[in-house]
Amino acid sequence: MVIKIKIYNTLTRKKELLQPMEEGRIKLYVCGITSYDYCHIGHARSALVFDMVVRYLRYRGYKVTFVRNFTDIDDKIIARAVEQGVGSQELAERFIAEFYTDMDALGVLRPDIEPKATEHIDEMIELVQELIDCGLAYPSGGDVYYRVGKFAGYGMLSGRSLDDMQAGARIEVSEKKEYPMDFVLWKGAKPGEPKWQSPWGEGRPGWHIECSAMSRKYLGENFDIHGGGKDLIFPHHENEIAQSVGANKKPFANLWMHHGFVTIKDEKMSKSLGNFLTIRDVLRDYPAEVLRLFLFSTQYRNPLDFTEAALQDAQVGLDRMYDCLAGIAGLPGTGNGQPVIGTKDRQKIESLRQRFESAMDNDFNTAQALGLLFDAVKVLNKVTRMLPPQAAPDDLQLVRQGGADLRELAGLLGVLQQDSEQYMQRKKQQLLDVIDLSADEIDALIARRNSARDRKDWAASDAVRDELLAHKIELHDGPDGTTWDVKS
């Protein structure tokens with residue numbers, strides 16, 4: 001079967017068919033963190049978006065080489081290290097370790113290669129020298145700058161002209177520059193800062209050169225996909241293109257993927273604005289799978305506004321998914337009854353995988369894919385409750401396969417990774433902690449109601465249901481008896 005995955009390419013501003021340079025293999029580079037502080041929810045979105053992309057591409061049969069870098073030398077790192085009275089390397093290593101703690105808590109798969117900038121200084125110096133040799137860069141006063149005016153394609157990614165960029169940019173004023181928009185490739189050493197030897201004197205690399213050098217080393221001069229947040233389009237990714245295409249004289253990344261911002265009250269979440277929540281702030285109150293559901297409730301290119309209500313909705317949705325799987329797990333092993341599942345419901349269950357793939361093949365539309373999963377939960381709950389004690393073997397097989405598909409497809413988004421029955425037991429205990437009845441008291445009332453139902457004493461049965469509702473306990477009758485939940 002031919003796989004047709006379409007991805008929105010920032011470079012061409014349209015969706016394009018994913019056409020790997022090497023059949024069956026995808027080379028993906030994503031810009032990672034600058035390791036000077038704890039990660040916030042915006043970082044979580046970036047990590048989870050590309051975690052989802054890698055999971056899905058591998059599910060579709062591709063061999064993916066995933067590279068994500070660490071910027072471990074930078075002005076922000078140096079400034080924070082001075083504030084804390086530690087070395088910049090010590091600070092960078094500490095926050096790389098904290099990053100791994102957060103990523104492990106989120107269940108993020110580790111990339112295949114995770115290069116650090118400080119371990120690739122030689123590759124950066126080599127690339128800078130190539131740019132000087134071809135006239136695209138020039139040394140000046142211990143620094144080295146890129147001549148943006150000499151690169152004809154500058155602005156191709158952001159879609160802006162040099163005049164527009166200069167008018168709207170915060171330009172570092174320097175007499176060393178030939179032109180205000182020229183950007184630094186190598187910074188001359190300053191007292192007390194980390195430094196390395198180079199042909200232009202002691203110093204350290206500029207930010208943009210890192211990814212050009214490291215992507216070339218691990219993925220080659222031309223590769224399939226480059227990703228990051230929309231805030232990286234300009235100047236970082238624009239400058240990467242200028243460096244890489246300028247030095248290599250061939251295309252750089254074929255597809256550019258950029259995810260939208262996480263906002264709070266429609267304002268971008270960022271450390272500079274002080275309006276951010278760290279990943280561990282959120283995980284103190286909500287499980288990682290809830291955060292994943294929240295982040296994937298919107299297609300990755302769109303902005304996503306962070307609210308407590310949205311997280312609570314994601315929690316309810318996750319509980320509903322696990323409750324569905326727990327109900328399927330509780331079905332009898334065999335049966336010899338007559339089929340009761342209708343054609344329409346059967347088709348919905350059987351076609352779930354194909355419809356999910358269609359949504360994801362269309363630029364990783366997780367919002368639509370999640371909608372299909374929740375629709376499947378609704379159908380599976382409906383048919384599970386209507387199955388008689390002696391269900392038809394075909395019906396049992398269909399429902400179990402539907403549950404297995406639900407779990408596998410949700411797993412591509414990193415959710416439904418836990419045992420459903422254990423999850424619901426923990427949930428029930430959490431619910432008991434916030435109501436004024438014990439589990440034994442609830443079970444006794446349910447037994448009294450069932451006895452009344454057996455006697456066809458509907459008034460007594462309804463009275464027990466009303467009594468439980470007064471305690472916020474909601475009953476659900478199914479083929480294996482009556483279950484309860486706390487009414488939302």
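Figures for the structure shown
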quantity: Residue identified as assigned to a helix (DSSP H, G or I) and either in the same structural domain as Lys187 (by TED's automatic domain parsing) or over 23 Å from Met257 (Cα atoms) (or both) among Val53, Val64; calculated: Val53
quantity: Filtered residues of region 464-487 (kept if surrounded by 15 or more Cβ atoms within 10 Å (Cβ to Cβ), of a type in the set (A, V, I, L, M) and either out of contact with any helix residue (DSSP H, G or I) (no Cβ under 8 Å at 6 or more places or on another chain) or at pLDDT 85 or above (or both)); calculated: Val464, Leu468, Ile473, Leu475
quantity: Options Asp394, Asp454, Asp405, Asp477; residue that is free of Cβ contacts under 8 Å to residues at least 12 places away in the same chain and acidic (Asp, Glu); calculated: Asp454
quantity: Some residue of region 40-57 being at pLDDT 95 or above, of a type in the set (D, E, K, R) and over 25 Å from Asn365 (Cα atoms); calculated: no
quantity: Flag if Ala288 is of a type in the set (Gly, Ala, Ser), in contact (Cβ under 8 Å) with a residue 40 or more places away in the chain and either assigned by TED's automatic domain parsing to the domain that holds His476 or within 30 Å of Leu18 (Cβ to Cβ) (or both); calculated: yes
quantity: Only one of His259, His208, His226, His237 that is more than 18 Å from His120 (Cβ to Cβ), in contact with a helix residue (DSSP H, G or I) (Cβ under 8 Å, 6 or more places away or on another chain) and assigned by TED's automatic domain parsing to the domain that holds Ile26; calculated: His259
quantity: Region 302-319, subset among the acidic types (Asp, Glu) and in a helix (DSSP H, G or I), residue farthest from Gln418 (Cα to Cα); calculated: Glu308
quantity: Candidates Asp345, Asp433, filtered to the one that is surrounded by fewer than 21 Cβ atoms within 10 Å (Cβ to Cβ) and in contact (Cβ under 8 Å) with a residue 12 or more places away in the chain; calculated: Asp345
quantity: Verdict on Asp224 being farther than 21 Å from Val128 by Cα and either buried (at least 21 other Cβ atoms within 10 Å of the Cβ) or at pLDDT 95 or above (or both); calculated: yes
quantity: Residue match in region 320-331 (condition: modelled with pLDDT under 95 and not in a helix (DSSP H, G or I)); calculated: yes
quantity: Of the criteria (1) within 18 Å of Phe223 (Cα to Cα); (2) crowded, with 17+ Cβ neighbours inside 10 Å, which one Leu17 fails; calculated: (2)
quantity: Residue within region 356-377 that is farther than 28 Å from Gly481 by Cβ, of a type in the set (S, T, N, Q), in contact (Cβ under 8 Å) with a residue 60 or more places away in the chain and not in a helix (DSSP H, G or I) present; calculated: yes
quantity: Counted residues, region 348-402 - those being of a type in the set (Gly, Ala, Ser), more than 22 Å from the chain's Cα centre (by Cα) and crowded, with 17+ Cβ neighbours inside 10 Å; calculated: 4
quantity: Residue match in region 461-481 (condition: closer than 21 Å to Met386 by Cα, of a type in the set (Gly, Ala, Ser) and assigned to a strand (DSSP E or B)); calculated: yes
quantity: Test for Leu331: is it under 28 Å from Lys265 (Cβ atoms), touching a Pro at 6+ places or on another chain (Cβ under 9 Å) and either surrounded by 17 or more Cβ atoms within 10 Å (Cβ to Cβ) or of a type in the set (Lys, Arg) (or both); calculated: no
quantity: Selection count, region 115-157, where residues are loosely packed, with under 15 Cβ neighbours inside 10 Å and not in a helix (DSSP H, G or I); calculated: 5
quantity: Among (1) free of Cβ contacts under 8 Å to residues at least 60 places away in the same chain; (2) among the small types (Gly, Ala, Ser); (3) surrounded by fewer than 22 Cβ atoms within 10 Å (Cβ to Cβ) - the single one Ala92 does not satisfy; calculated: (3)
quantity: Failed item in (1) of a type outside the set (A, V, I, L, M); (2) modelled with pLDDT of 95 or more; (3) over 30 Å from Glu221 (Cα atoms), with Glu240 passing the rest; calculated: (3)
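The values are calculated or read from the model by the stated rules, or taken from the named source; none is laboratory data. Predicted model, so just to flag it, every value in this text is computed and none were measured. Using ideal geometry, Cβ is built from the backbone for each residue, glycine included, and neighbour counts are taken over all protein chains shown.
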